[in-house]
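Colleague: Quick one: structure below, then a few questions.
The values are calculated or read from the model by the stated rules, or taken from the named source; none is laboratory data. Not measured: the values here are computed from a predicted model. Note that we place each Cβ from the backbone using ideal geometry, even for glycine, and neighbour counts take in every protein chain shown.
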Amino acid sequence: MENIDFTLMDPVFEKHEGEEGALIAVLQEAQALYGWLPPELLSYVAEKTGVPPAKVMGVVTFYAQFRLKPVGKYLISLCQGTACHVNGSVEIEKAIGDYLGVKEGEITADGLFTCNSVACLGCCSLSPAMMINSKVYGNLTGAKATEILEKIRAGEGAK
Ligand code: FES
C-alpha cells in the first residue's frame, strides 16, 4: 500500500490515549478506516501504542476478523454456515466466482470486489445469505447474487 495517510489514525489514538488494553479496539478502527491492515500501519500502531510489534502481529494473526491482505471496496462475505450450505450456498459461490473471475480473497481488477467465505452470519432465516460490507442480502440464488453485484458495479461506473 503506497502513501498511507497515517493522520487518519490521529483521532483513534486520541480517543484511546492512556487506555489499557485498547489494542484490539485501535486495530478494529484502523481496519475500518483503511479496509485492511498493511504492515506499515501495524508498525505505526505499535509505535504509537507502545505495544511491541511482535505482540501486535500476534493479535492480528490470532483473530480472524483482521485482514492482512488488501480487499476490494466491496467485501463480500459469503455465508457457508450449515443453513446456507443446505440451501445452496455452493451455487451462489459459483455464480459469484464466475461473475468476478477471481479466486476467494483476491481483488477484482477494478478494485471493487473481494469475496470471502465466512461461517454463519447469524441470519439463517434468510439463507442462503451474503453480506456486502455491512449490508445483508438473503434468499439468494446465483442469478440474484450476480444481479446485486452488477448493480453495484453499474452504480460505481455511473459516478
Ligand atoms: S448459516 Fe448462513 S446465516 Fe446462518
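Colleague: From the residues in the stretch 134-157 that are surrounded by 12 or more Cβ atoms within 10 Å (Cβ to Cβ) and under 13 Å from residue 73 (Cα atoms), which one is nearest to the ligand (Cβ to nearest atom)?
Modeller: 149
Colleague: Related question: Which of the residues belonging to the stretch 1-43 are surrounded by 15 or more Cβ atoms within 10 Å (Cβ to Cβ), in a helix (DSSP H, G or I) and aliphatic (A, V, I, L, M)?
Modeller: Passing the criteria: 9, 12, 23, 26, 27, 30, 41, 42.
Colleague: Out of (1) of a type in the set (A, V, I, L, M); (2) at pLDDT 95 or above; (3) touching a helix residue (DSSP H, G or I) at 6+ places or on another chain (Cβ under 7 Å); (4) not assigned by TED's automatic domain parsing to the domain that holds residue 133, the odd one out for residue 68 is which?
Modeller: (2)
Colleague: Kindly establish whether residue 55 is farther than 23 Å from residue 134 by Cβ, in the same structural domain as residue 144 (by TED's automatic domain parsing) and either more than 16 Å from the ligand (Cβ to nearest atom) or at pLDDT below 95 (or both).
Modeller: Against the criterion (farther than 23 Å from residue 134 by Cβ, in the same structural domain as residue 144 (by TED's automatic domain parsing) and either more than 16 Å from the ligand (Cβ to nearest atom) or at pLDDT below 95 (or both)), residue 55 does not qualify.
Colleague: Just a yes or no: is a residue in the stretch 93-110 within 17 Å of the chain's Cα centre (by Cα), crowded, with 17+ Cβ neighbours inside 10 Å and within 16 Å of the ligand (Cβ to nearest atom)?
Modeller: Checked the stretch 93-110: at least one residue is within 17 Å of the chain's Cα centre (by Cα), crowded, with 17+ Cβ neighbours inside 10 Å and within 16 Å of the ligand (Cβ to nearest atom).
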